[in-house]
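The block underneath contains the structure these notes are about, expressed in structure tokens.
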Amino acid sequence: MENSTSFSRKDNNDDRSGPESSSSASHTVDIKSDGEEAPGPSDSEMTLPQAMEDIDLLIQRLSSTKANDHELLPSEVPKSVEFLYDAVDSMLTKYDNKENPPRLGINHDDDVSFFNSMNRVTKLVKNVDKFPSYSILSSSLNKATVILHRAMSFLEDEYRTILEISKCRVLEQKTPKTPNQMTSSESDRCMLPEPECKEEELDFPSFSPEAIETLNKISTVMIASGYERECCLIYGPLRRNAFNDELSELGFDNISFDEVQRMQWESLEGDIATWINSLKHCYIVLFSAERGLTDAVFSDHPLVSRKMFSDLAAAIVVRYLNFSDAVVMTKRSAEKLFKFLDMYETLRDLIPHINDSYSSECKLDLIEEVSMAKTRIAEAAASIFCELENSIKKDQGRVPVPSGQVHPLTRYTMNYLKYAIEYKDTLEQVFKQVHDTDGSTTGSKPNATTTTAAAVNLCEDDGGSDKSRFSMQLTTVMDLLDANLDMKSKLYRDPALRYIFLMNNGRYILQKIKSTTEIRELMGANWCRKRSTDLRKYHKNYQRETWSKVLQSMSPEGLLVNGKVVKPLLKERFKNFNSLFEEIHRTQSTWVVSDEQLQSELRVSISAVVIPAYRSFLGRFKQHLESGRQYEKYIKYQPEDIETFIEELFDGNPVSMQKRR
């Protein structure tokens, strides 16, 4: 056939064995001016570049020929095709004879020839397959299929080897850091650093440019040859395993649901810190590096690249979500709140990183999964915070705190709120999310979430709709604490000690509020003013209960009869003063006012009332007793002594006034 001369070098005539032209044009058969074919090279003279040029022309002709238009097809299989098949078979044998894999990447020229040849074999198979009824071409399809199958088997092995060698290299370069090696400060919320790209981290995923280039060529050939599924089945699991190994290096290992439920909180707290740090490292550093690798390996197939990355990232994220779900199901207690909020923040910050790097379907599914996990953590965190309210209500101890000191419940509650306020914005989001979720749910059973939302609604009914939901929760806690402390103050038989107790606790609460700007702003200026007013009222009531009788004992009323001092009555007044003051000193020197400013304010206010009154009383009446016997029995103290003894009040250290004198 005349057309076939464009694709093959026929050797039907023995006189066509003349020398091959050195020009590229000699790769095809030329037509002389007298109509005879110019001689082409024999099989023994054919080179691989020449064969590939001929095959490129054949592929071009086949691709432009319709399936039923056989007249334009060659009358026999071109010898360049057989030459190419034999060349590829020879290359594979040569690669098979190499001892240590990987066998690609050792000789660059050999690899170039191999991949160029495979590209043509693949194109030939695809184009020949268009003409199943044309027996001349289809006869060569069997051999091509055998060659292709052998080549794909070889490439699969090479693909797997390169991926596994790079994984092993990463493991050799790094020393694992287990959760047990983390310091206590690393598990503290305040010590959670933002992931940084350190030198060793930049090695991930630890493929040399040459290895990536080889992986790219293998992927391209396999996908072009119809082996996309096989290529992805090798790449996906191996990269997922390598990624999981990287997470193990960061200390994050698979922990089953049951293991999480059985763990002590101290151990689980460390695992949560590792979970947080490694997940942040994933979406800030590792995912970006992995996407870069996938894009490079599948540069000619962006959809495959996106799917491979999406599947890997989704599998990794699901691992993290499984852990968070297991943690949420553990028994809830107040100390878990802050780690739960750390986890909430981590998932919240993850969502913006699920971007267009993911396939559309995976992106939507993953965002939904992460959002649902975040909601479950929010519900658990809100429930735990509400448990603080329950713990205040349940604290019904009937034994008063010695010496009127700050109650442990007060310290615990205020310190808890001080730490919680560090998460102010997060708690605002949590309570809003819980409220919104509850509002969109009907017919559900009562739970912690609905309880929290009910509390919020109650606050709104009380006219607090302009306040944030967390602010309303905070107000509820403070109101409950006030009511509990008022109940506990009634356990003291001494009314004065009752007011010391209320002052101690009230002052402690107010100082904690004032020292934390965020809480002060949430509670508002009116609340703080009311608290200060209450403290002044407690102070006034304490002075009335303690010192009113002392002041009455120094009253001059009734001491003068007909202008003369009634000495027996005067002596009784001094004796009464001494007795009352000594009893107060004996008792109240054991009481404790731990706040130095409050302690000083109390002493100053007592001195301001008692000392001037005593000095005036003593100055007016002591001369009536100086000439008598047992003067010191009645006038036992000078004003300076009284001032000294007042300075010993509220120290918690009983001091004998007799010894001091």
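The values are calculated or read from the model by the stated rules, or taken from the named source; none is laboratory data. Keep in mind the model is a prediction, meaning the values are calculated, not measured. Cβ sites come from the backbone with ideal geometry, for glycine too, and all protein chains shown count toward neighbours. Surface areas here come from the heavy atoms of the whole protein model, side chains and all, with no ligands, DNA or RNA. Shrake-Rupley method; radii C 1.70, N 1.55, O 1.52, S 1.80 Å.
Summary of values
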quantity: Residue match in the range 264-275 (condition: surrounded by fewer than 15 Cβ atoms within 10 Å (Cβ to Cβ), among the aliphatic types (A, V, I, L, M) and over 23 Å from R103 (Cβ atoms)); calculated: no
quantity: Residue list for the range 472-519, filter: within 39 Å of the chain's Cα centre (by Cα) and among the β-branched types (V, I, T); calculated: T475, T476, V477, I509, I513, T516, T517, I519
quantity: Any pair with Cβ under 8 angstrom, 6 or more apart, that starts in the range 420-433 at a residue that is more than 15 Å from L388 (Cα to Cα) and ends at one that is outside any helix (DSSP H, G or I) and open to solvent by 70 Å² or more (accessible area, probe 1.4 Å); calculated: none
quantity: One residue from V304, V285, V221 being among the β-branched types (V, I, T) and under 30 Å from Y344 (Cβ atoms); calculated: V285
quantity: L625 vs. criteria open to solvent by less than 60 Å² (accessible area, probe 1.4 Å), without any contact (Cβ under 8 Å) to a residue 40 or more places away in the chain and more than 27 Å from T410 (Cα to Cα); calculated: no
quantity: Residue match in the range 549-556 (condition: of a type outside the set (S, T, Y), loosely packed, with under 15 Cβ neighbours inside 10 Å, in contact (Cβ under 8 Å) with a residue 40 or more places away in the chain and not in a helix (DSSP H, G or I)); calculated: yes
quantity: In the range 238-263, the residues that are closer than 20 Å to A313 by Cβ and open to solvent by 50 Å² or more (accessible area, probe 1.4 Å); calculated: R240, N241, L250, D253, N254
quantity: Among (1) in contact (Cβ under 8 Å) with a residue 40 or more places away in the chain; (2) open to solvent by 40 Å² or more (accessible area, probe 1.4 Å); (3) closer than 30 Å to T410 by Cα, the one test that V593 misses; calculated: (2)
quantity: Some residue of the range 517-535 being closer than 28 Å to A608 by Cβ, assigned to a helix (DSSP H, G or I), touching a residue at least 60 places away in the same chain (Cβ under 8 Å) and among the hydroxyl-bearing types (S, T, Y); calculated: no
quantity: The one condition in (1) surrounded by 17 or more Cβ atoms within 10 Å (Cβ to Cβ); (2) more than 30 Å from V125 (Cα to Cα) that G292 fails to fulfil; calculated: (1)
quantity: Residues located in the range 224-235, provided they are buried (at least 17 other Cβ atoms within 10 Å of the Cβ) and within 18 Å of L312 (Cβ to Cβ); calculated: E230, C231, C232, I234, Y235
quantity: Extreme residue, farthest from F287 (Cα to Cα), among residues of the range 311-322 that are in contact with an Asp or Glu (Cβ under 8 Å, 6 or more places away or on another chain) and surrounded by 17 or more Cβ atoms within 10 Å (Cβ to Cβ); calculated: L321
quantity: Whichever residue in the range 81-113 is modelled with pLDDT under 85 and not charged (D, E, K, R) and, among such residues, is farthest from L215 (Cα to Cα); calculated: N97
quantity: Candidates E345, E387, E335, E361 - the one that is open to solvent by 10 Å² or more (accessible area, probe 1.4 Å), at pLDDT 90 or above and among the charged types (D, E, K, R); calculated: E345
quantity: Filter result for L268 (farther than 21 Å from R376 by Cβ and part of a helix (DSSP H, G or I)); calculated: no
quantity: Residues of the range 569-608 satisfying the condition of being in contact with a Gly (Cβ under 7 Å, 6 or more places away or on another chain) and more than 14 Å from E648 (Cα to Cα); calculated: L569
quantity: In the range 348-358, the residues that are among the hydroxyl-bearing types (S, T, Y) and open to solvent by 30 Å² or more (accessible area, probe 1.4 Å); calculated: S357
quantity: Check on R498, modelled with pLDDT of 95 or more, open to solvent by 60 Å² or more (accessible area, probe 1.4 Å) and closer than 15 Å to H407 by Cβ; calculated: yes
quantity: Filter pass, S607 being on the phi < 0 side of the Ramachandran plot and modelled with pLDDT of 95 or more; calculated: yes
quantity: Sole residue being in contact with a strand residue (DSSP E or B) (Cβ under 9 Å, 6 or more places away or on another chain) and either basic (K, R) or in a helix (DSSP H, G or I) (or both), chosen from H585, H624; calculated: H624
quantity: Sole exception among (1) among the β-branched types (V, I, T); (2) within 59 Å of the chain's Cα centre (by Cα); (3) over 24 Å from N505 (Cβ atoms) for I606, by number; calculated: (3)
